[in-house]
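What follows is calculated from the coordinates using simple rules that are stated; it is not laboratory data. All figures in this text were calculated on a predicted structure; none of them were measured in a lab.
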Amino acid sequence: MKEELGLDHHEGRSWRGFHHHACLVMLAFGFLTLERRRARRGRSRPGKKGEAERR
């Protein structure tokens with residue numbers, strides 16, 4: 001996670017700056033995890049053509 005998402009790129013001096021950076025990295029990690037799961041299951045992204053037909 002460090003290299004892939006940039007957690008090791010933080011060079012700030014304050015706790016607030018680090019906390020902001022770490023929160024964005026965690027958000028990106030969650031997004032990528034969900035996208036990888038969706039890709040493995042073969043699902044299309046929400047809102048794509050044909051999505052309403054399945055419901």
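A few points about this structure:
- Along each principal axis, Cα extent of the range 2-41, largest first, Å: 42, 16, 6
- Rounded to whole Hz, the Karplus (6.51, -1.76, 1.60) HN-Hα couplings of the range 19-33, x for glycine and proline: 4, 4, 4, 5, 5, 5, 5, 5, 4, 5, 4, x, 4, 5, 4
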